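Presented below is the structure to which this report refers.
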Amino acid sequence: MTKIRIGIVGYGNVGKGVEKAVAAANDLELKAIFSQRDASLLNPADRSVPLIPLADAEKMKDDIDVMILCGGSANELAVHGPRFAGIFNTVDSYDVHAKIPEYIKAVDAAAVGTTAIISAGWDPGLFSLIRVLSESVLPDGEGYSFWGYGVSQGHSNAVRAIEGVEDAVQYTVPVDKAVEAVRSGSRPQLTTREKHVRECYVVAKPGADKALIEEKIKTMPDYFADYDTTINFVSSNEFNENHKKMPHGGLVVRSGATGSNGHVIEYSLKLDSNPEFTGSVLAACARAVFRMSKEGNYGAKTLLDVPVSYLSPLDRMTLISKLM
């Protein structure tokens, strides 16, 4: 079997998740890890994999079939997406929902003779696909999305940036009452505050004003001001013991009707490791990118544009026999 040759750009939590997913796949092979950090600071599971400065990535053009971009959306993928799509077939998990239309245009303009799948995580990504399927089947209906129970990295970073905070994590928690109302098929109209609460666990620096920290968190616009938020101050030991993992998950529900009959479609995820699961989605999408590129189907794509069978290592007839 000729394996699809994978490169990883960025070796943070998602990059490490991709590394695990590639190692577990018989049809994928990790050829190199590219990073702006010094190689001595990286610790790949397979020490034989070359660690290459990001500036030298283009030199590997003939050795990489698909480059998986694992940087952060705001500062890295916004630059890396168009840059690398002009050189390699790529996959990324760009997740700034409101900016996806402009991002895909930038990547598409660069992807001349290459194929790029963008926003290929679980939301956006898998959840986006479920929303389209659900709305297509139940046009007379209402769609709902819930996130959590799990760690929001963006909100956690916002808390850690507050003066006096040594470390912090924020959990997004769906409100049970709201979830049950949606599942009942009653199509409730829910405010932001009614759908989720936020729980923060904060390690304060010695002598820090905890009351001021709490006020700054709860009144922070775009992050906490629109939510009921609980602040828990904990010791470093408790934080390191209980709040270092990265679970997440979510729920997409479509409540609708066909004539006088009601229906509810539900899709949910419960993840022990958000970055590892995201890495697995990206690795599966690398197969699709490779296949679409071989067919000359170039340009920027999303999971909405990908034949589902292209995500699997199995051939079409095997999938039909096994899963239909």
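In the range 99-132, of all residues being farther than 20 Å from Gly15 by Cβ and charged (D, E, K, R), the one that is surrounded by the most Cβ atoms within 10 Å (Cβ to Cβ) corresponds to Arg131. Would you say His263 is within 30 Å of Ala85 (Cα to Cα) and either hydrophobic (A, V, I, L, M, F, W, C) or in contact with a Gly (Cβ under 9 Å, 6 or more places away or on another chain) (or both)? It is false that His263 is within 30 Å of Ala85 (Cα to Cα) and either hydrophobic (A, V, I, L, M, F, W, C) or in contact with a Gly (Cβ under 9 Å, 6 or more places away or on another chain) (or both).
Take the conditions surrounded by fewer than 15 Cβ atoms within 10 Å (Cβ to Cβ), under 23 Å from Asn274 (Cα atoms) and at pLDDT 95 or above and apply them to Glu238. Does it pass? So Glu238 fits the description; yes. Within the range 80-103, the set of residues being over 14 Å from Leu303 (Cα atoms), among the hydrophobic types (A, V, I, L, M, F, W, C) and modelled with pLDDT of 95 or more comprises Phe84, Ala85, Ile87, Phe88. The residue that is surrounded by the fewest Cβ atoms within 10 Å (Cβ to Cβ), among those in the range 217-235 that are out of contact with any helix residue (DSSP H, G or I) (no Cβ under 7 Å at 6 or more places or on another chain) and within 27 Å of Ala178 (Cα to Cα), is Pro221. Among the residues of the range 289-308, those identified as β-branched (Val, Ile, Thr) and assigned to a loop (DSSP other than H, G, I, E, B) are Thr302, Val306.
Counting just the residues of the range 293-309 that are in contact with a helix residue (DSSP H, G or I) (Cβ under 7 Å, 6 or more places away or on another chain) and hydrophobic (A, V, I, L, M, F, W, C), which one comes out surrounded by the fewest Cβ atoms within 10 Å (Cβ to Cβ)? Filtering first and then ranking leaves Leu304. For the range 194-221, give me each residue that is free of Cβ contacts under 8 Å to residues at least 12 places away in the same chain and part of a helix (DSSP H, G or I). Of everything in the range 194-221, those that are free of Cβ contacts under 8 Å to residues at least 12 places away in the same chain and part of a helix (DSSP H, G or I) turn out to be Ala211, Glu215. For the range 160-193, the set of residues classified as in a helix (DSSP H, G or I), surrounded by 15 or more Cβ atoms within 10 Å (Cβ to Cβ) and without any contact (Cβ under 8 Å) to a residue 60 or more places away in the chain consists of Arg160, Ala178, Ala181, listed by residue number.
Under the condition of being more than 16 Å from the chain's Cα centre (by Cα) and either touching a residue at least 12 places away in the same chain (Cβ under 8 Å) or part of a strand (DSSP E or B) (or both), the residues counted in the range 246-260 number 6. Only one entry in Leu251, Leu282 is touching a strand residue (DSSP E or B) at 6+ places or on another chain (Cβ under 7 Å), within 19 Å of Val175 (Cα to Cα) and modelled with pLDDT of 95 or more, namely Leu251.
Would you say Ile52 is assigned by TED's automatic domain parsing to the domain that holds Tyr310, more than 20 Å from Ser280 (Cβ to Cβ) and of a type in the set (A, V, I, L, M, F, W, C)? Against the criterion (assigned by TED's automatic domain parsing to the domain that holds Tyr310, more than 20 Å from Ser280 (Cβ to Cβ) and of a type in the set (A, V, I, L, M, F, W, C)), Ile52 qualifies. For the range 157-196, residues that are of a type in the set (A, V, I, L, M, F, W, C) and under 24 Å from Ser236 (Cα atoms) total 8. Looking at the range 17-48, which of its residues are surrounded by 16 or more Cβ atoms within 10 Å (Cβ to Cβ) and modelled with pLDDT under 95? Passing the criteria: Ser35, Pro44. In this structure, Ser145 does not qualify as modelled with pLDDT of 95 or more, surrounded by 20 or more Cβ atoms within 10 Å (Cβ to Cβ) and either in a loop (DSSP other than H, G, I, E, B) or in contact with a strand residue (DSSP E or B) (Cβ under 9 Å, 6 or more places away or on another chain) (or both). Listed by first and then second residue, the pairs with beta-carbon distance under 7 Å, at least 6 apart or on different chains, first residue in the range 276-292 and farther than 12 Å from Ile68 by Cα, second part of a helix (DSSP H, G or I), are Glu276/Gly17; Glu276/Lys20; Ala288/Tyr310; Ala288/Leu311; Arg291/Tyr310; Met292/Tyr310. Only one entry of Gly72, Gly86 meets the criterion of being out of contact with any strand residue (DSSP E or B) (no Cβ under 8 Å at 6 or more places or on another chain) and buried (at least 18 other Cβ atoms within 10 Å of the Cβ), and that entry is Gly72. The residues on offer are Leu323, Leu319, Leu271, and the sole one that is out of contact with any His (no Cβ under 6 Å at 6 or more places or on another chain) and surrounded by 13 or more Cβ atoms within 10 Å (Cβ to Cβ) is Leu319.
The values are calculated or read from the model by the stated rules, or taken from the named source; none is laboratory data. Just so we're clear, the structure is a prediction, and the values are computed from it rather than from any experiment. Heads up, the Cβs are rebuilt from the backbone with ideal geometry, glycines too, and the neighbour counts pull from every protein chain shown.
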